[in-house]
Amino acid sequence: AVVSTQSTGLFLTGLSGLCFAFASLFVKLTGHEVPVSLIILPRSLLQLLTALALNAIIWRQPLLAPSTPPPADNPCSRYLNTAVLVVFGVLGFLVIFGIYISFQSIPLGEATVILSTCPLFVAFFERVWLRTRIPISTLAAGMVCIVGVLLLTHSRTEKQETRHLTGYFLITIATALQAITFVLVRYLGVHFVVPVFYLGLTNSLLAGAACVPLLLRPDPLIPGMSLTQGIWLLLVSFFAVAGSFLLNIGLQHGQATLVSLVRNVDIVAAYTFDTLIFDHTFSALSVIGGLLVVLATVGSGLVDLLMIEDRESDRYCKLDMEQSTRALVTSENDENG
């Protein structure tokens, strides 16, 4: 049963990676003339409505005032309220905004590789906020990732193209902010549908407010959009929301470390899209840099997985020894009795 549950989690996570890859593809296909806020709005509304519907049918969690108590050692226990979740939603909006601008500015493969460094940012913020120890493997992976990202961006920075530099900067900032949201969700102690709901709610409000000036212009943008661009927007919404729910459900079924490794399937898909659809040719430095980042993050995850298995093995050995000792003591007491 455990193996079956683990396999289900990994399958759902791999499927979510493909969904996110297709979402990034359709973001890029919409073109630079479509504002990012207009791309985010339908996605956020769909996410909000889906969360409300599924929660009403399946999970039945309190959304506006979550009452699930956090763990006793949770540093957020005093701040578990609507305000914290709204802040989480605002950070999520900034993350999506930065990621989508980057998708329109730099190759999808390179942007996705930089996003894959998120677990390393998570380890750093957990160290700063929760005073947890950062494993040596994570520190080593971080150094390799820095070298990989520098190689990844080298060919672009040589050209000094402002759009490319902005894209790399925003995707890096978005990755760091995404790590903060992951740490918040991990320690808030609520069902995953609660942050998903708040992300959809705050993003709908913020993206909607940003779209108002577009409608008030003398030449409103939306009526001028082509049918094809409208289809791309709908597909972005569908795949992004599907990926979000599949990833969260996968995390409920699979081990987090394995899930994060399988999630990297979107990197392969993104490079495939760049090559087959956008005719992008990657330099040798770019390919080497991308491989370094992927190997570093995957290697760090595998080391963490082995450490977890060792701890679990030690724990079971101690339990077996304790049970054997108790059985031996009981046996001796019976004989003496």
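Some notes on this structure:
- A Förster distance of 22 Å, applied to the separation of the beta-carbon atoms of GLU33 and THR166, puts the FRET efficiency at 0.85.
- Were the residues from PHE278 through MET143 laid out at 0.36 nm apart, the gain over their Cα-Cα distance would be 45.5 nm.
- Applying 0.36 nm per residue to the separation of PHE182 and THR82 and subtracting their alpha-carbon distance, the gain on full extension is 34.3 nm.
- J(HN,Hα) series, segment 275-280, from Karplus relation 6.51 cos²θ - 1.76 cosθ + 1.60, nearest Hz, glycine and proline x: 6, 7, 9, 9, 6, 8
Each value in this text was obtained by applying a stated rule to the coordinates, not by laboratory testing. Values in this document were obtained by computation on a predicted structure and should not be read as measured data. Backbone-built Cβ (ideal geometry, glycine too); neighbour counts: all protein chains shown.
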